[in-house]
Amino acid sequence: MTDLRLGVLGYGLRGSLARTAHRPDAGARVTALADHDATARAEAAVAFPGALISSDHREVVEDPDVDAVVVLTPDHTHARLACEALRAGKPVFVEKPLGTSVEACDEILRTAHETGTRLYVGHNMRHMPVVRLMRDIIERGEIGAVKTVWVRHFVGYGGDWYFKDWHAERRHTTGLLLQKAAHDIDVLHWLAGGCTRQVQALGDLMVYGDNPHRREPGEPKTDDWYTKDGHWPPHTQRDLNPVIDVEDVSLVNMRLDNGVLAAYQQCHFTPDYWRNYTVIGDAGRLENFGDGPGGVVKVWNARRSGHRGAADAEYAVPDVQDE
């Protein structure tokens, strides 16, 4: 098997995707990578021995030994970099979101169409075992025809991951609904079998906006910007981004084109980090408790009653290797 030679743009928080894709002699390998940060380049040189490592993305895009380009840079740069790679004739994988505006997304789609070059977007949650399990339950008809879907997203490490760098600035992200809900709304559409046509929403900056402990402009994040067990409760966070103007709580109500009603809620200062889906059909409902190995999806569909912790059916969320 000949490996697909990958050129990677960006080696920051999404660098793990490049490492996952790097499978020498098993289908794909990273042969070139660009990042403006010297530390990121040094780490990439260790992760991908023999690869071209550069500070200039054009060296990667124009490299004749690169078969496809993977864009893992901050959201607001996606359109420019993706279009450059598409025009160079390189198939492109763009980490979600595709862009930070409708106009930017249209530009990327138009460029892909005009050049006839393949374009992929990283909506990887459709491949999560818990999502596949819920989809299978629905497809088997265990809850009847889907009528409403409710999603709650508890972002327990929100203060660490999204309020200490560019994610906290609306000019770079549009908002964290785009960064986080892009996954869940895609899944919601998939489970419900339709696409959103009407929306009402509200949100607010309720916790991190009042925190005065900000870094100075241009000052890098501290080495302990993320700790699994620290930085709790949220008001104890320190060294936040100098500018914070995105919501840390958001609520969205949707009507889909097939009549399904849906709701999505996101909070960045919860103690736990997971997603909870409730899907109600005309013959039952399902709900997940935990979204990884050790979690379960419960189904109630046999009779009406008061609260019943014991469901009519219960399915364990499989591990990835069990799929």
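Summary table below
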| read-out | value |
| --- | --- |
| Failed criterion for GLN179 (all others in (1) at pLDDT 95 or above; (2) more than 22 Å from ARG238 (Cα to Cα) hold) | (1) |
| One residue from GLU169, GLU59 being over 16 Å from the mean Cα position of the chain (by Cα) and either under 30 Å from VAL207 (Cα atoms) or surrounded by 19 or more Cβ atoms within 10 Å (Cβ to Cβ) (or both) | GLU169 |
| Of the criteria (1) touching a residue at least 60 places away in the same chain (Cβ under 8 Å); (2) touching a Pro at 6+ places or on another chain (Cβ under 6 Å), which one ARG118 fails | (1) |
| Answer residue from the stretch 149-162, given it is outside any helix (DSSP H, G or I) and out of contact with any Pro (no Cβ under 9 Å at 6 or more places or on another chain) and is modelled with the lowest pLDDT among those | TYR157 |
| Candidates ASP25, ASP63, filtered to the one that is over 27 Å from ILE185 (Cβ atoms), assigned to a loop (DSSP other than H, G, I, E, B), touching a strand residue (DSSP E or B) at 6+ places or on another chain (Cβ under 7 Å) and not hydroxyl-bearing (Ser, Thr, Tyr) | ASP63 |
| Which listed residue, of GLY50, GLY15, GLY10, GLY89, is outside the structural domain of TRP166 (by TED's automatic domain parsing), surrounded by 15 or more Cβ atoms within 10 Å (Cβ to Cβ) and on the phi > 0 side of the Ramachandran plot | GLY10 |
| Number of the condition not met by ARG110 [criteria: (1) outside the structural domain of ARG14 (by TED's automatic domain parsing); (2) more than 30 Å from VAL279 (Cβ to Cβ)] | (1) |
| Residues located in the stretch 163-183, provided they are in a helix (DSSP H, G or I) and within 24 Å of MET254 (Cβ to Cβ) | HIS167, ARG170, THR173, LEU176, LEU177, LEU178, GLN179, LYS180, ALA181, ALA182, HIS183 |
| ASP257 being surrounded by fewer than 17 Cβ atoms within 10 Å (Cβ to Cβ), more than 17 Å from MET125 (Cβ to Cβ) and either outside the structural domain of ALA192 (by TED's automatic domain parsing) or touching a residue at least 12 places away in the same chain (Cβ under 8 Å) (or both) | yes |
| Pick from the stretch 281-307, criterion among the β-branched types (Val, Ile, Thr) and in contact with a Leu (Cβ under 8 Å, 6 or more places away or on another chain), ranking: farthest from PRO129 (Cα to Cα) | VAL299 |
| The listed residue being among the β-branched types (Val, Ile, Thr), farther than 18 Å from ARG135 by Cβ and either at pLDDT 95 or above or part of a loop (DSSP other than H, G, I, E, B) (or both), out of THR278, THR227 | THR227 |
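Matching residues to (1) within 30 Å of GLU103 (Cβ to Cβ); (2) part of a helix (DSSP H, G or I):
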| site | (1), (2) |
| --- | --- |
| LEU33 | yes, no |
| ALA40 | yes, yes |
| GLU43 | no, yes |
| GLU59 | yes, yes |
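Table: residues versus (1) free of Cβ contacts under 8 Å to residues at least 12 places away in the same chain; (2) closer than 28 Å to ASP248 by Cα; (3) assigned to a helix (DSSP H, G or I).
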residue	(1), (2), (3)
LYS96	no, yes, no
ALA104	no, yes, yes
ARG110	yes, no, yes
GLU114	yes, no, yes
ARG126	no, yes, yes
ARG132	no, no, yes
ARG135	no, no, yes
LYS147	no, no, no
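The values are calculated or read from the model by the stated rules, or taken from the named source; none is laboratory data. If you're wondering where the values come from, they're calculated on a predicted model, not measured in any experiment. FYI the Cβ positions are ideal-geometry reconstructions off the backbone, even for glycines, and counts take in every protein chain you see.
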